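The values are calculated or read from the model by the stated rules, or taken from the named source; none is laboratory data. Every value quoted in this text rests on a predicted model; they were computed, and no experiment measured them. Every residue, glycine as well, gets a Cβ built from its backbone with ideal geometry; the counts of neighbours run over all protein chains shown.
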Amino acid sequence: MPLKKALLLLLCTVFVSAVMAQPLAVYTNMQNQVIVWDRGIMRKVDYLPPVEVKTGRTAIPYLDNSRSFKIYYKGGARTVNAGFTNEFVVSDNLIAFLNAKSLKVFDNGNIKDLSTFCTQYYMGDSVLMFFDGVRSEYKAYYNGTVYPIEGFLAGNPLEVVKVSDNIAAYDNYANQFRIFYHGNIIEQEDYAVSSFEVGRNTVAYVDINRQFKIFHNGKTYLTEEFPPSAFQVGDNVAAYVSNDGYFKVFYGDSVRSLGFFTPEFRVADNMVTYRDPGGYFKVFYKGDIYTLESYYPEKTVVQYNSIAYVNRANILRLFTEGEIYDVTNAELESWQLNYDVIKYQIGRNMFRIYYKGTEYSQ
């Protein structure tokens, strides 16, 4: 095979592997063993129940039974420190943690010191924005690099900062609306905005003239001349009720009207769930509309291209990436959706993991 083609194939393989990386799940069994489900394999990673555990898409940070801070990553758990971590958060790709006021980030297997005195931080999947109290400056960690964002002036800190995935938005000290996107600060508006929401590649906001605008993939769209009565933003999608009462979805650089009604709705990764005028439970997902139920469920969990709920037939149902799965009709002690993985418990000692049509058990 020619060298050029071989390199291209290798790059494509690495890219697809990164995009298609399977998520994780974790639970403590009846023997108090900590079990991690990783790529279809159950692994015992600890032998006493943790004090606190959180699940990311590529890593699982936790405080073990003795409060040592550990991170499960790529098949094994490593001890980061013995009892110094007092706070931690996890996203798709990052883990931020505080040792007293010292902020650190775990990224792709490596730990980086960000600030020895941090009083504020905001994390998305790939962006960590924080206030460095040593230099009195807001900074952003993105893709292995720390970027200066805003020097701290005398007075209060930034009032509103919102971060999601690979983007951050805020009104700066000069009352100007700014967006941090792919390592660059975009001078979005010369004035502060009254309200805004963020998602992957997307920021929706009402500007000083009360026009409703959407920044998406580096471009700004004027979607409405008047502010909507309600709006939400997710990854690559936004939904809103316009000033004249139409329910609309922004997706793929265009606006689609779903009708003249004001629904209950939620926006998440690439999708919008809503109650239609007939009471049906529907989801707008990547340009298509799916009907899930003829009624609107009381409780739904929405994460990462997925929706999970127990329907009236007592079936735990999962919608993920355009497919509908009936997971189980057993009486459940508990269940939880992490990204697109369902973890559920039957009775006292039976745990199951469900991922894209396949059930896994220990």
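Could you list all residues from the range 234-253 that are modelled with pLDDT under 95 and of a type in the set (G, A, S)?
Within the range 234-253, G234, G252 qualify.
Among residues belonging to the range 49-64 that are part of a strand (DSSP E or B) and buried (at least 22 other Cβ atoms within 10 Å of the Cβ), point out the one that is farthest from the chain's Cα centre (by Cα). Even if it seems obvious, please write down each step before you answer.
We begin by selecting, within the range 49-64, every residue part of a strand (DSSP E or B); these are 52-53, 59-63.
Retained after the next criterion (residues that are buried (at least 22 other Cβ atoms within 10 Å of the Cβ)): 59-62.
Working: A59: 14, I60: 15, P61: 16, Y62: 19 Å.
Per the stated criteria, the residue is Y62.
Could you tell me whether S195 is more than 16 Å from R256 (Cβ to Cβ) and small (G, A, S)?
Details: more than 16 Å from R256 (Cβ to Cβ): yes; small (G, A, S): yes.
Judged against the criteria, S195 is a match.
Go through the range 221-258 and count every residue that is charged (D, E, K, R) and either under 20 Å from I307 (Cβ atoms) or surrounded by 17 or more Cβ atoms within 10 Å (Cβ to Cβ) (or both).
Keep residues of the range 221-258 that are charged (D, E, K, R), which gives 224-225, 235, 244, 248, 253, 256.
Okay, now just the ones that are also either under 20 Å from I307 (Cβ atoms) or surrounded by 17 or more Cβ atoms within 10 Å (Cβ to Cβ) (or both), so 224, 235, 248, 256.
Selection size over the range 221-258: 4.
Given (1) under 25 Å from the mean Cα position of the chain (by Cα); (2) surrounded by 13 or more Cβ atoms within 10 Å (Cβ to Cβ), identify the lone condition not met by F261.
(1)
Looking for whichever is assigned to a strand (DSSP E or B), over 19 Å from E293 (Cα atoms) and of a type in the set (V, I, T) here; the options are I353, I307. Which one fits? Give the derivation first.
Details: I307 fails: over 19 Å from E293 (Cα atoms).
Result: I353 is the single residue among I353, I307 that is assigned to a strand (DSSP E or B), over 19 Å from E293 (Cα atoms) and of a type in the set (V, I, T).
Restricting the search to the range 266-300, which residues are surrounded by fewer than 16 Cβ atoms within 10 Å (Cβ to Cβ) and closer than 22 Å to P23 by Cα?
Within the range 266-300, just K286 meets the criteria.
Any residue at all in the range 100-107 that is under 22 Å from D46 (Cβ atoms), surrounded by 14 or more Cβ atoms within 10 Å (Cβ to Cβ), of a type outside the set (F, W, Y) and modelled with pLDDT of 95 or more? So that I can check it myself, show each step before the final result.
Kept after step one, since they are under 22 Å from D46 (Cβ atoms), are these residues of the range 100-107: 104, 106.
Filter once more, keeping what is surrounded by 14 or more Cβ atoms within 10 Å (Cβ to Cβ): 104, 106.
Going one step further and asking which of them are of a type outside the set (F, W, Y), we end up with 104.
If we keep only those that are modelled with pLDDT of 95 or more too, we end up with 104.
Yes, the conditions are met somewhere in the range 100-107.
Against the conditions (1) modelled with pLDDT of 95 or more; (2) farther than 21 Å from Y290 by Cβ, where does R317 fall short? Just the number, please.
Single failed check for R317: (2).
Suppose the filter is closer than 25 Å to W335 by Cα, among the charged types (D, E, K, R), at pLDDT below 95 and touching a Ser or Thr at 6+ places or on another chain (Cβ under 6 Å); does D92 pass it? Break it down stepwise before answering.
Details: closer than 25 Å to W335 by Cα: yes; among the charged types (D, E, K, R): yes; at pLDDT below 95: yes; touching a Ser or Thr at 6+ places or on another chain (Cβ under 6 Å): no.
Criteria not met by D92.
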